[in-house]
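Trainee: Following this message is one structure expressed as structure tokens.
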Amino acid sequence: MTSHLAIRSAPALALAMLCSPAHAIFKGGAVPERFGWLAVVVFAAIIALTMYVTYLAAKRVKSTQQFYAAGRSVSGIQNGWAIAGDYLSAASFLGIAGLISLYGYDGFMYSVGWLVAYITVLLVIAEPCRNIGKYTLGDILAFRNNHKTAKTMAAISTITVSIFYLTAQMVGGGVLVKTLIGIDYEVSVMVVGVLMLAYVVFGGMVATTWVQIIKAVLLVIASILLVMFTWAPYGFSLPGFLEAVVGDAKVQAQVAKLLGDAASNMSATELGQRFLEPGLFLKSPVDQISLGMALVLGTAGMPHILMRFFTVPTAQQARISVIWAMAIIGGFYVLTLFIGNGAALNVGAATIAGMDKGGNMAGPLLAQYIGGGPESMLGNLFLAFVAAVAFATIVAVVAGLVLASASAMSHDIWVGVIKGEHATPEEEVRAARICSVIVGALAIVIGILAKGQNVAHLVALAFAVAASSNLPCVLLTLYWKRCNTGGIVLGMLVGAFSAIALVMVSPNMTYPKLEREKAQKVIDAGTAKIATLEVVVAQAADDAAREKAQAAVTKAQAEVKAAQDTYAKYEGQETSLVGLEAPLISLKNPGLYSIPLGFLCVILGSLFWRDRKASEMWEELYVRQNTGLHAEKAAAH
Amino acid sequence: MTPAHTDWAAIDAHPTFQELHRRKSRFLWTLMVVSIVYYFLLPIGAAYFTDWFKMQVWGPVNVGLLFALSQFVVAWGIAFIYSRHANRTFDPMADEINRAALRMGGQR
């Protein structure tokens, strides 16, 4: 088969892109240039392992059931690891540790919602979906609603949510790989894209599952090692370790910096302890609750997460897989508490934020410190390992997303709507592979086009859209007798549209006028500061004092210069992307409004629509989702 | 796909199924509400009960930190309770219904 030939050349291509001019491309990252070969070795080892797995998987993937659902032969435990691998993106792996290292308590509080989300998945989504679903979200919604309409809506929503999430992963991943090992942004986006395409196109769900399992295992090993080495010097005592954190001068300085004027009459001890108290990062509780709603309800509506439940043989195995996923994901976030605080203690917030403002370098820099610092070989080996795990993370998450949207395109749109469910398995697998290539190519193009854009809020938006459109539809079609096609259409459209529209008018967007005003303030304050400082320089009693004041002048000048650049950048622009001078709402997370609206629209749409099929099929759906009668079986071996 | 002779309405009306439906709904939605309420106490507490959250109880470890850690324990606890209950009660009932459905003429 030609696919076997191609699959052998895919890793070679990816490796060639990685090592082409030896390791000269590893420039200016956290790994010093002379240790670049270490990164090449570790990356090559991990890529080779995943490619070998894909090669084995490609031999098995011939049927649609293999391609979309790994033959339903994934065990509960394996699927639990794969869910963890699918879910723990670089944003949770590096981002949350980073938030803790910069803002202490608030970073940890932020992580909680990502675990609690799985209670919804466990209690009301996983088992019913396994019992009545086949391959996609569309299959669940089409069960008792108008087939073509439901499939079309589900496919649109799946692709929308996945593209938002995908864009955040591609852009975030590209920036991350550049900061870690210095590979050019475009090169890393291409490498991620090519690798992910190789896994999905040749190995389908089988390879995607194994890549996610490998990545989750590596992630857990890396995290446990980091925590062991960080915590051991304090005799594995929680108060002992935190005592050291709050007593550290770097931590106290960071808190003083965050609090500004409010810190002036606080003692060093108070400043340190403040690091473990809420309010340094999350200022708006309403926004917090809004985000919490999107997480708790959105995770259960994420197409790539839903899809994982079709890979296990029974509903019982689906249950076991969520239990395992919750143990791994929760355990990981508890470890993150130590990684984040350990980085704040050993590396320091100033150094971490100096490399990446969002704090993403906290974990990698802690690894480097543990191994002996930036000049040591062991330190850089550890750093390269963590960087490679981060890279594997991006690839594994992106592969899951691409597979979910490609399935929606091929299984729901092409086979379900266009071909009216009349396609041979061979035709459908071919269509699924072609769709994967289309989505993958799209991901690479979007990744490169969106370079330099602020995409952080796209993850939260993806969850908000899933929580406002997918979840109300899935939940009500499963549990509410009167739900029908009218509700699905109205709920999907209004839920998704309102979440997106609310973000378009929120403070997440860039408002040139406000940016200019902010920059003008910095310029004014900086200019005044320079004037006072210059007097100090002129009147300084000795050289040391003069030098100190001169350094302060240089720093203030740099700040003014940066603000002037910002001002110039927004010169001539008056309004945001949607034509606003200032945000219309103060909420950054739309869930608080859009989720209830989504539910309301499903209910109203159902009440105003008559659909005999939906009510006739209710008993069958309800019996089947509860008993597993006639559920899709695993592939016979 | 579905054999025409499976009488879904009859299974739905079966006393064991009605019993499963009643018990499961009550159990699931109770757990769901408990977990959501407990989770939202965290941001609410962090915003409006700061004095309480700042109270140090074990060296530098304060109530807020313990409360955040308790969220993990509660989430795992709910998962454990659900899975035990499902294994012991819901699964055997579902099996019984499936056997009854088989007798009623439906194919498994």
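Trainee: Looking at the stretch A:288-301, can you tell me whether even one residue there is over 30 Å from A:I370 (Cβ atoms), open to solvent by 10 Å² or more (accessible area, probe 1.4 Å) and not in a helix (DSSP H, G or I)?
Mentor: Scanning the stretch A:288-301, I find no residue that is over 30 Å from A:I370 (Cβ atoms), open to solvent by 10 Å² or more (accessible area, probe 1.4 Å) and not in a helix (DSSP H, G or I), so the answer is no.
Trainee: A:G260 - would you say it is assigned to a helix (DSSP H, G or I), closer than 17 Å to A:Y103 by Cβ and open to solvent by less than 20 Å² (accessible area, probe 1.4 Å)? Spell out the reasoning first.
Mentor: Values: assigned to a helix (DSSP H, G or I): yes; closer than 17 Å to A:Y103 by Cβ: yes; open to solvent by less than 20 Å² (accessible area, probe 1.4 Å): no.
It is false that A:G260 is assigned to a helix (DSSP H, G or I), closer than 17 Å to A:Y103 by Cβ and open to solvent by less than 20 Å² (accessible area, probe 1.4 Å).
Trainee: Provide a single number: the residues in the stretch A:242-257 that are in a helix (DSSP H, G or I) and either out of contact with any helix residue (DSSP H, G or I) (no Cβ under 6 Å at 6 or more places or on another chain) or over 15 Å from A:I100 (Cα atoms) (or both).
Mentor: 8
Trainee: Moving on. For the stretch A:395-411, how many residues meet the condition of being modelled with pLDDT of 90 or more, out of contact with any Asp or Glu (no Cβ under 8 Å at 6 or more places or on another chain) and not polar (S, T, N, Q)?
Mentor: Matching residues across the stretch A:395-411 total 9.
Trainee: Among the residues that make up the stretch A:244-252, is at least one of them open to solvent by 30 Å² or more (accessible area, probe 1.4 Å), modelled with pLDDT of 90 or more and charged (D, E, K, R)?
Mentor: Yes: the stretch A:244-252 contains one or more residues that are open to solvent by 30 Å² or more (accessible area, probe 1.4 Å), modelled with pLDDT of 90 or more and charged (D, E, K, R).
Trainee: List every residue pair whose Cβ atoms sit under 9 Å apart, with the two residues 6 or more apart in sequence or on different chains, where the first one lies in the stretch A:363-383 and is over 14 Å from A:N346 (Cβ atoms) and the second, anywhere, is open to solvent by 50 Å² or more (accessible area, probe 1.4 Å) and in a loop (DSSP other than H, G, I, E, B).
Mentor: From residues that are over 14 Å from A:N346 (Cβ atoms), the pairs are A:L378/A:G372; A:N380/A:G372; A:N380/A:P374.
Trainee: Would you mention how many residues in the stretch A:593-618 are in a helix (DSSP H, G or I) and either of a type in the set (S, T, N, Q) or open to solvent by less than 60 Å² (accessible area, probe 1.4 Å) (or both)?
Mentor: Adding up the residues that qualify gives 11.
Trainee: Confirm whether A:A549 is free of Cβ contacts under 8 Å to residues at least 24 places away in the same chain and either part of a helix (DSSP H, G or I) or of a type in the set (V, I, T) (or both).
Mentor: When the stated conditions are applied, A:A549 passes them.
Trainee: Looking only at the stretch A:263-279, how many residues end up being assigned to a loop (DSSP other than H, G, I, E, B) and not hydroxyl-bearing (S, T, Y)? Please lay out each step first, then the result.
Mentor: Of all residues in the stretch A:263-279, those assigned to a loop (DSSP other than H, G, I, E, B) come to A:264-267, A:275-279.
Retained after the next criterion (residues that are not hydroxyl-bearing (S, T, Y)): A:265-266, A:275-279.
Total meeting the criteria: 7.
Trainee: Any residue that is within 13 Å of chain B (Cβ to nearest Cβ), under 17 Å from A:G113 (Cβ atoms) and either surrounded by fewer than 24 Cβ atoms within 10 Å (Cβ to Cβ) or hydrophobic (A, V, I, L, M, F, W, C) (or both) - is there at least one of those in the stretch A:302-312?
Mentor: The answer is no, given that none of the residues of the stretch A:302-312 is within 13 Å of chain B (Cβ to nearest Cβ), under 17 Å from A:G113 (Cβ atoms) and either surrounded by fewer than 24 Cβ atoms within 10 Å (Cβ to Cβ) or hydrophobic (A, V, I, L, M, F, W, C) (or both).
Trainee: Can I ask one more? For residues that are more than 8 Å from chain B (Cβ to nearest Cβ) and open to solvent by less than 10 Å² (accessible area, probe 1.4 Å), tally how many sit in the stretch A:109-127.
Mentor: The qualifying residues number 5.
Trainee: Here's a check for you: in the stretch A:346-363, which residue that is over 18 Å from A:L383 (Cβ atoms) and assigned to a helix (DSSP H, G or I) is least open to solvent (accessible area, probe 1.4 Å)?
Mentor: Only one residue fits best here, namely A:A349.
Trainee: From A:K148, A:K134, A:K59, grab the single residue that is more than 14 Å from chain B (Cβ to nearest Cβ), open to solvent by 10 Å² or more (accessible area, probe 1.4 Å) and under 17 Å from A:V415 (Cα atoms).
Mentor: Answer to the selection: A:K148.
Trainee: Sticking with this structure for a sec: Kindly indicate whether A:L282 is closer than 18 Å to A:L102 by Cα and part of a loop (DSSP other than H, G, I, E, B).
Mentor: Criteria met by A:L282.
Residues are listed down the side, and each one gets a yes or a no for (1) more than 30 Å from A:A460 (Cα to Cα); (2) out of contact with any Lys or Arg (no Cβ under 6 Å at 6 or more places or on another chain); (3) of a type in the set (D, E); (4) more than 14 Å from chain B (Cβ to nearest Cβ):
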| position | (1), (2), (3), (4) |
| --- | --- |
| A:G605 | no, yes, no, yes |
| A:F608 | yes, yes, no, yes |
| A:D611 | yes, yes, yes, yes |
| A:L621 | yes, no, no, no |
| A:R624 | yes, yes, no, no |
| A:G628 | yes, yes, no, no |
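Trainee: Quick one: A:A541 ticks every box in (1) loosely packed, with under 12 Cβ neighbours inside 10 Å; (2) touching a Lys or Arg at 6+ places or on another chain (Cβ under 9 Å) except a single one, so which number is it?
Mentor: Failed condition: (2).
Trainee: So, one more: Going through the stretch A:93-108 one residue at a time, which ones are at the interface with chain B (Cβ under 10 Å from one of its Cβ atoms) and of a type outside the set (G, A, S)? Lay out the reasoning, then the answer.
Mentor: First pass over the stretch A:93-108, keeping only residues at the interface with chain B (Cβ under 10 Å from one of its Cβ atoms): A:104-106, A:108.
Those that are at the interface with chain B (Cβ under 10 Å from one of its Cβ atoms) and of a type outside the set (G, A, S): A:Y105, A:D106, A:F108.
The values are calculated or read from the model by the stated rules, or taken from the named source; none is laboratory data. Predicted, not measured: the structure shown is a model, and the values here were computed from it. Using ideal geometry, Cβ is built from the backbone for each residue, glycine included, and neighbour counts are taken over all protein chains shown. Heavy atoms of the whole protein, side chains included, go into the accessibility calculation; ligands, DNA and RNA do not. Shrake-Rupley method; radii C 1.70, N 1.55, O 1.52, S 1.80 Å.
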